[in-house]
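Student: One structure is given below, represented as structure tokens, and several questions about it will come after.
The values are calculated or read from the model by the stated rules, or taken from the named source; none is laboratory data. For clarity, every value in this text was computed on a predicted model and none was experimentally measured. In this analysis, Cβ positions are derived from the backbone assuming ideal geometry, glycine residues included, and neighbour counts consider all displayed protein chains. For the accessible areas, the whole protein counts, side chains as well, though only heavy atoms, and no ligand, DNA or RNA atoms are used. Shrake-Rupley method; radii C 1.70, N 1.55, O 1.52, S 1.80 Å.
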Amino acid sequence: FEGHELGVNSVAFSPDGKLALSGSKDNTLALWDIATGRRIRTFEGHELGVNSVAFSPDGKLALSGSWDTTALVWQLAP
């Protein structure tokens, strides 16, 4: 999947296996549709690269950790 400006540090798959979440050195997370490879949404908020991503058990939230020493919770539905 193409879309990040720099390398990807972490990838997580949603509990239903339909989505992927990637965290990148470009300070962003991206939500992907696995079947099509299309980026659904980009999340911005970290000041440094994202080094870890995870889905909540129900797949409605994501958690990211960054080299900026913050952890953020994201609501996945717009």
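Student: How far apart, in nanometres, would the label points at Leu61 and Phe13 be if each is projected 7 angstrom from Cα along the Cα-to-Cβ direction?
Tutor: For the pair Leu61/Phe13, the computed spacing is 2.4 nm.
Student: Note down the magnitude of the dipole of the chain about its Cα centre, charges +1 on Lys and Arg C-beta and -1 on Asp and Glu C-beta and zero elsewhere, to the nearest 20 debye.
Tutor: With only Lys, Arg, Asp and Glu charged at Cβ, the dipole is about 220 debye.
Student: Report in % the part of the accessible area of the chain that belongs to carbon and sulfur, leaving out ligands and nucleic acids; probe 1.4 Å.
Tutor: 54
Student: Here's a follow-up. Whole-Hz Karplus ³J(HN,Hα) for the range 5-12, in order, using 6.51 cos²θ - 1.76 cosθ + 1.60 and θ = phi - 60°, x for Gly and Pro?
Tutor: Taking θ as phi minus 60°, the curve returns 7, 10, x, 9, 9, 8, 9, 10 Hz for the range 5-12.
Student: How much net charge surrounds Asp16 when only the other residues with a Cβ under 14 Å from the Cβ of Asp16 are counted, with Lys and Arg +1 and Asp and Glu -1?
Tutor: 0
Student: With a cut-off of at most 16 other beta carbons within 10 Å, and DSSP calling the residue loop, which GluC sites (Glu not before Pro) in the chain qualify? Please list them.
Tutor: Glu2, Glu5, Glu47
Student: Please name which of Trp67, Ala35, Val53 has its Cα lying farthest along the dipole of the chain towards the positive end, using unit charges on Cβ (Lys, Arg +1; Asp, Glu -1) and the Cα centre as origin.
Tutor: Projecting each Cα onto the dipole axis, the largest value belongs to Ala35.
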